[in-house]
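Undergrad: First, the structure itself, so that you have it in front of you.
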Amino acid sequence: MPDTAYRTCPLCEATCGLELRIEGDRVTRIRGDRDNVFSGGFVCPKGTTLGRIHHDPDRLRRPRIRRPAGGWEEVSWEEAFAFIDRRFAEVVAAGGRQAVAVYLGNPNVHSLDNGLAVRPLVKAIGTPNVFSASTVDQMPKHVACGHMFGHPATIPVPDVDRTDHLLMLGANPVESNGSLATAPDWPGRLAALRERGGRLVVVDPRRTRTARLADEHVSIRPGTDAALLAAMIRHLLALGVPEAVRETSDGLGEVEAAVAGFTPEAVADFSGVPAATIRRLAEDLAGAERAVVYGRIGTHTVRFGTLCAWAVDVLNVITGNLDRPGGAMFPRPAHLPARRRVRPFETGRWRSRVRDLPEVMGELPVATLADEILTEGEGQVRALFVVGGNPALTNPDSARLVEALSGLDLMVSIDPYLNETSRLADVVLPPPSALERPHYDLAFTGLSIRNYAMFSPAVFPAEGPSEFDILVTLAAIASGAGSGHDPARLARADLEASVASAAAALGREVDDLRRELDRWDDPRLASLDLMLRTGPYGDGFGARPGGLSLATLAAAPHGVDLGPLEPRWEEAITTPNGRVQLAPPAIISDLPRLAAAMAAPVEDSLLLVGRRQLRTANSWLGNVEILVKGRQQCTLQIHPDDARRLGIGAGELAEVTSGVGRAAFPAEPTEDIRPGVVSLPYGWGHDLEGVELSVARRYPGGNVNLLTSTELLDPLSGNAVLNAVPVSVRPLPSV
Ligand SMILES: Nc1nc2c(c(=O)[nH]1)N[C@H]1C(S)=C(S)[C@@H](COP(=O)(O)OP(=O)(O)OC[C@H]3O[C@@H](n4cnc5c(=O)[nH]c(N)nc54)[C@H](O)[C@@H]3O)O[C@H]1N2
Ligand SMILES: Nc1nc2c(c(=O)[nH]1)N[C@H]1C(S)=C(S)[C@@H](COP(=O)(O)OP(=O)(O)OC[C@H]3O[C@@H](n4cnc5c(=O)[nH]c(N)nc54)[C@H](O)[C@@H]3O)O[C@H]1N2
Ligand code: SF4
Ligand SMILES: [Mo]
């Protein structure tokens with residue numbers, strides 16, 4: 001008899017519930033869990049492949065060490081950890097803790113293990129050189145929200161299910177399944193919005209699959225959304241804002257003064273969006289009963305990312321749509337205190353050594369990682385821990401980064417695959433697969449368009465140590481305690497402080513709580529139970545009978561619906577005076593830079609933008625054959641007029657050159673892209689020496705990040721500029 005297991009899909013932010021059929025030690029089928037209270041059976045082509053990833057023969061099961069003579073050797077876990085212990089100590093003895101850097105990739109936010117154990121590891125390493133995928137992604141949103149709402153993780157999400165009007169910029173959730181707005185089944189939710197008479201407007205230089213669902217598609221010149229949004233703000237402020245806005249927010253006057261120069265006429269030339277359209281977009285937004293503005297990758301990974309992120313929420317505030325149903329709302333995750341600890345938000349508490357770039361949220365921009373490795377002098381990075389990331393494909397100017405990674409004294413990759421990055425490591429530590437670990441979503445329940453909680457136990461026992469144990473062991477090594485400790489015991493000890501503070505808050509004996517948590521012999525589960533029971537829906541260890549605990553979640557395999565988002569201004573807004581700050585000085589003082597860009601002559605080079613594709617997940621699902629076979633996906637989209645002018649036919653190789661590098665891709669002429677713009681997907685380029693991905697190597701594609709630069713950043717967030725990159729394109733003569 002096959003067994004059935006239910007889990008949250010960890011492959012993207014939609015967090016769909018999956019139903020797995022298990023026969024012995026095999027996954028024989030995966031489909032959407034129709035009874036899941038949030039996803040209702042929705043699934044995309046990736047979610048059904050978790051079994052293939054689990055069974056993938058290329059997935060590493062044992063650690064590897066690179067031998068001085070060349071080549072890999074499979075070693076025991078003890079040997080791998082002992083090796084790291086020795087080398088780590090040597091690097092720190094020679095260069096101090098600053099000589100060690102950490103790079104945290106995207107899968108960290110999809111794993112309970114990493115959510116619990118990565119921060120302690122970073123702390124134990126004790127280096128200022130912390131890098132993550134956040135600075136090639138959403139860091140601008142954190143900075144804007146930190147300044148406006150008080151905490152960088154206080155990010156409002158579009159209440160898609162109740163809004164009457166959704167203005168979406170630089171996002172394509174029909175293919176990406178959404179980001180910073182967790183919602184399984186975007187296609188269904190957007191269709192429902194239109195069926196109930198609502199309006200969807202999509203701003204994107206490409207007519208994406210999302211744009212095709214929309215009432216209106218506005219084709220914008222890449223990199224100019226901040227100006228478009230500023231002009232909309234200006235127009236609406238001139239028309240007047242609801243009285244309540246003045247009562248709850250500061251800085252309206254400063255905003256008005258700061259956007260004065262962004263007249264729709266001035267912005268029209270820059271953005272390619274006619275002045276009348278800009279006015280109407282603003283008026284439609286303000287005129288809708290319940291409306292929301294939402295921007296994603298195309299508005300964040302650009303030169304004016306923080307200004308875009310700020311302007312999006314200024315519009316939500318001045319149209320009266322912040323923190324109300326159908327507008328931009330604050331989720332209330334079950335594992336976090338309802339009100340976050342209040343500390344004034346600041347950036348630049350330290351700066352990067354080589355380029356003097358400010359720290360943001362404890363991190364430095366990844367765009368300067370190669371500088372820190374390659375530039376000699378005191379504080380030079382000589383060792384790197386890569387945890388669940390593939391910077392050799394995902395970070396800008398990857399050729400230079402690969403050069404940098406190749407010369408390190410110690411590189412440790414915690415990764416299930418020998419891919420473009422881990423092939424350069426000295427030690428590779430493979431974590432168990434997603435099916436071999438319990439899951440509760442620590443990250444995306446905080447970005448979810450409904451309050452929701454779900455726990456999934458491991459489907460299979462792990463072959464090696466859990467990733468939690470790997471990270472805890474590395475933390476012990478980094479703190480100088482050595483590699484021989486029992487990670488479970490260390491983790492239990494770490495939990496003590498939280499248990500003590502929870503007991504104090506509840507007026508209970510520490511021993512009482514400890515006894516209740518002792519039912520979980522797995523420290524991950526004890527931690528999670530503690531968070532849930534002391535969280536906003538928790539049972540308070542008996543104080544609120546019927547409240548949530550890990551036991552109640554474990555008994556609900558289809559998840560627990562905690563209701564639609566509710567207004568929660570008092571809890572969510574943690575600025576010193578409890579009011580939304582519409583005009584944070586740092587952000588306002590960046591507007592002249594935008595005005596200067598607007599005044600500069602429009603360059604006539606082609607602008608490169610990115611795109612995601614339904615069957616990819618960043619850089620790492622290329623080894624799943626059913627996701628990559630068939631029509632070539634890694635193509636250069638180009639408008640037919642541009643293709644004709646350049647003499648490039650469909651399917652012919654086009655060479656793309658930027659200020660940084662060049663790479664060739666087959667051309668895909670399409671009317672769906674704005675003239676003057678070309679688009680490449682990202683996450684491809686697997687045909688590198690040493691990559692052990694047998695399928696991905698047969699469908700390699702090219703790496704767009706050979707073309708992106710580390711020079712230009714969004715200054716407030718340190719985010720890299722991956723969109724609106726000037727390039728030239730020419731036909732590549734076939735040889
Ligand atoms: N040009 C361009 N570049 C981009 C983007 C873009 O739009 N355009 N997007 C950016 C964005 S938004 C992001 S998030 C980044 C992503 O950048 P990264 O995080 O660097 O890249 P991923 O492909 O997500 O890396 C996944 C890695 O983690 C491994 N992995 C998978 N599961 C696990 C696990 O459970 N544990 C561990 N330890 N490892 C695991 C995979 O094998 C793979 O090596 O890329 C950015 N780069
Ligand atoms: N299938 C799939 N799903 C994914 C991922 C994946 O790799 N594959 N990755 C996941 C991750 S880590 C993330 S962060 C999310 C990202 O989720 P999204 O942001 O929804 O994904 P993208 O496809 O990058 O969408 C960005 C859009 O911005 C447009 N764009 C580019 N430049 C500009 C500009 O200057 N202005 C405007 N208005 N638009 C512009 C592009 O044409 C593109 O359509 O997706 C997640 N989901
Ligand atoms: S949409 Fe995302 S979460 Fe849902 S099945 Fe696909 S990859 Fe998994
Ligand atoms: Mo991302």
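Undergrad: Of all the residues that make up the stretch 711-735, how many are touching a Ser or Thr at 6+ places or on another chain (Cβ under 9 Å) and either within 12 Å of ligand 1 (Cβ to nearest atom) or not polar (S, T, N, Q) (or both)?
TA: The number of residues fulfilling the criteria is 16.
Undergrad: Here is a further query. More than 12 Å from ligand 1 (Cβ to nearest atom) and in contact with a Lys or Arg (Cβ under 8 Å, 6 or more places away or on another chain): which single residue out of G96, G126 fits that description? Don't jump to the end; show me each part of the working.
TA: Working: G96 fails: in contact with a Lys or Arg (Cβ under 8 Å, 6 or more places away or on another chain).
Of G96, G126, the one residue that is more than 12 Å from ligand 1 (Cβ to nearest atom) and in contact with a Lys or Arg (Cβ under 8 Å, 6 or more places away or on another chain) is G126.
Undergrad: Determine the pairs where a residue that is within 19 Å of P173 (Cβ to Cβ), located within the stretch 30-53, has a partner that is away from ligand 1 (no atom under 16 Å from the Cβ) and aromatic (F, W, Y) with Cβ atoms under 8 Å apart, the partner being 6 or more residues away or on another chain.
TA: Qualifying pairs under 8 Å: G32/F42; N36/Y6; F38/Y452.
Undergrad: Within the stretch 379-414, can you find the residues that are charged (D, E, K, R) and closer than 21 Å to V122 by Cα? I'd like the intermediate steps shown before the answer.
TA: Taking the stretch 379-414 and keeping what is charged (D, E, K, R), we get 382, 397, 400, 403, 409.
Answer for the stretch 379-414, where residues must be charged (D, E, K, R) and closer than 21 Å to V122 by Cα: R382, D409.
Undergrad: Can you list the helices (runs of 4 or more DSSP H) found entirely within the stretch 103-198 that contain at least 3 residues being closer than 28 Å to A370 by Cα and touching a helix residue (DSSP H, G or I) at 6+ places or on another chain (Cβ under 7 Å)?
TA: Numbers: elements: 112-125, 139-149, 173-176, 186-195.
By residue number, 112-125, 139-149.
Undergrad: Among the residues of the stretch 503-518, write down those that are without any contact (Cβ under 8 Å) to a residue 24 or more places away in the chain and either surrounded by fewer than 19 Cβ atoms within 10 Å (Cβ to Cβ) or basic (K, R) (or both). Please lay out each step first, then the result.
TA: Restricting attention to the stretch 503-518, the residues satisfying the condition of being without any contact (Cβ under 8 Å) to a residue 24 or more places away in the chain are 503-504, 507, 509-511, 514-515, 517-518.
Result: A503, A504, G507, E509, V510, D511, R514, R515, D518.
Undergrad: Of the residues G295, G223, which is of a type outside the set (D, E), over 16 Å from D313 (Cα atoms), within 16 Å of ligand 1 (Cβ to nearest atom) and within 31 Å of the chain's Cα centre (by Cα)? Give the derivation first.
TA: Working: G295 fails: over 16 Å from D313 (Cα atoms).
The match here is G223.
Undergrad: A further question on this structure: Quick check on my filter: what residues within the stretch 533-555 are closer than 20 Å to D521 by Cα, out of contact with any strand residue (DSSP E or B) (no Cβ under 9 Å at 6 or more places or on another chain) and small (G, A, S)? I'd like the intermediate steps shown before the answer.
TA: Pass one, the stretch 533-555, residues closer than 20 Å to D521 by Cα: 533-534, 541, 548-555.
Next, from what is left, pick out any that are out of contact with any strand residue (DSSP E or B) (no Cβ under 9 Å at 6 or more places or on another chain): 534, 541, 551, 555.
Within the stretch 533-555, A551, A555 meet the criteria.
Undergrad: Among the residues of the stretch 584-629, write down those that are among the hydroxyl-bearing types (S, T, Y) and within 16 Å of ligand 1 (Cβ to nearest atom). If you could, list the steps in order and put the result at the bottom.
TA: Narrowing the stretch 584-629 to residues among the hydroxyl-bearing types (S, T, Y): 589, 605, 616, 619.
Within the stretch 584-629, T616, S619 qualify.
Undergrad: Tell me whether the stretch 106-122 contains one or more residues that are surrounded by fewer than 24 Cβ atoms within 10 Å (Cβ to Cβ), away from ligand 1 (no atom under 16 Å from the Cβ) and in contact (Cβ under 8 Å) with a residue 40 or more places away in the chain.
TA: no
Undergrad: A further question follows. Under 8 Å by Cβ, and 6 or more places apart or on different chains, what pairs join a residue from the stretch 1-16 that is over 25 Å from L614 (Cβ atoms) and among the hydroxyl-bearing types (S, T, Y) with one that is away from ligand 1 (no atom under 13 Å from the Cβ) and modelled with pLDDT of 95 or more?
TA: From residues that are over 25 Å from L614 (Cβ atoms) and among the hydroxyl-bearing types (S, T, Y), the pairs are T4/E19; T4/L20; T4/R21; T4/I22.
Undergrad: Name every residue in the stretch 179-203 that is on the phi > 0 side of the Ramachandran plot and not hydrophobic (A, V, I, L, M, F, W, C), in order of residue number.
TA: D185, G197
Undergrad: In addition: Any idea which of (1) part of a loop (DSSP other than H, G, I, E, B); (2) under 23 Å from the mean Cα position of the chain (by Cα) is the one V342 doesn't satisfy?
TA: It is condition (2) that V342 fails.
Undergrad: Does A171 satisfy the condition of being in contact with a Pro (Cβ under 9 Å, 6 or more places away or on another chain) and either in contact (Cβ under 8 Å) with a residue 24 or more places away in the chain or more than 16 Å from ligand 3 (Cβ to nearest atom) (or both)? If you could, list the steps in order and put the result at the bottom.
TA: Details: in contact with a Pro (Cβ under 9 Å, 6 or more places away or on another chain): no; either in contact (Cβ under 8 Å) with a residue 24 or more places away in the chain or more than 16 Å from ligand 3 (Cβ to nearest atom) (or both): yes.
So A171 does not fit the description; no.
The values are calculated or read from the model by the stated rules, or taken from the named source; none is laboratory data. Just so you know, these numbers come straight off a predicted model, no measurement behind them. Note: ideal-geometry Cβ built from the backbone for every residue, glycine included; neighbour counts use all protein chains shown.
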